[in-house]
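The values are calculated or read from the model by the stated rules, or taken from the named source; none is laboratory data. Computed from a predicted structure; not experimentally measured. All Cβ positions, even for glycine, are placed from backbone atoms using ideal geometry, and neighbour counts span all protein chains on display. These area figures cover heavy atoms from the full protein model, side chains too; ligands, DNA and RNA do not enter into them. Shrake-Rupley method; radii C 1.70, N 1.55, O 1.52, S 1.80 Å.
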Amino acid sequence: MDFSSVQSPETAERLCQQGALEKLWLTPLQRGNRPVPVSSAYLPTALTDSWEHLMGSLERFFHRDLVNQVEVRPEYCAGSLVPRAIHIRAWHSEKTGRFEPTLEVW
């Protein structure tokens, strides 16, 4: 589905109320993140489980000391408030290896 027409907070919130989108945090709140607009994104509800699975994996990696750094970079296009994709890069500052999944949104 093409979300390029979702270009205003009002449209995004209306789609949330209709159950098509959900506003999710891009970084876990328990990592010290505060709920500010740049920390969240609108995602299709069909991808909520995939996002939660990725965040659960990151949390396990943190607890096992496999990663201690994370970068979450949403990729926006066509003026949409719904990211085209979300790129995650997680690594440990003192160990080798990386976790670099991309969630394709639309």
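Starting from residues that are farther than 19 Å from Ala12 by Cα and of a type in the set (Phe, Trp, Tyr), keep the ones in region 56-106 and report whichever is modelled with the lowest pLDDT. If you could, list the steps in order and put the result at the bottom.
Residues of region 56-106 farther than 19 Å from Ala12 by Cα: 56-73, 87-103.
When the remaining residues are screened for being of a type in the set (Phe, Trp, Tyr), the result is 61-62, 91, 99.
Details: Phe61: 93, Phe62: 90, Trp91: 94, Phe99: 94.
That would be Phe62.
Out of the residues in region 96-106 meeting the condition of being free of Cβ contacts under 8 Å to residues at least 24 places away in the same chain and out of contact with any Lys or Arg (no Cβ under 9 Å at 6 or more places or on another chain), tell me which one is least open to solvent (accessible area, probe 1.4 Å).
Once the filter is applied, the top-ranked residue is Thr102.
State whether one or more residues within region 74-95 are in a helix (DSSP H, G or I), crowded, with 16+ Cβ neighbours inside 10 Å and over 10 Å from the mean Cα position of the chain (by Cα). First the steps, then the outcome.
Kept after step one, since they are in a helix (DSSP H, G or I), are these residues of region 74-95: none.
Scanning region 74-95 turns up no residue that is in a helix (DSSP H, G or I), crowded, with 16+ Cβ neighbours inside 10 Å and over 10 Å from the mean Cα position of the chain (by Cα).
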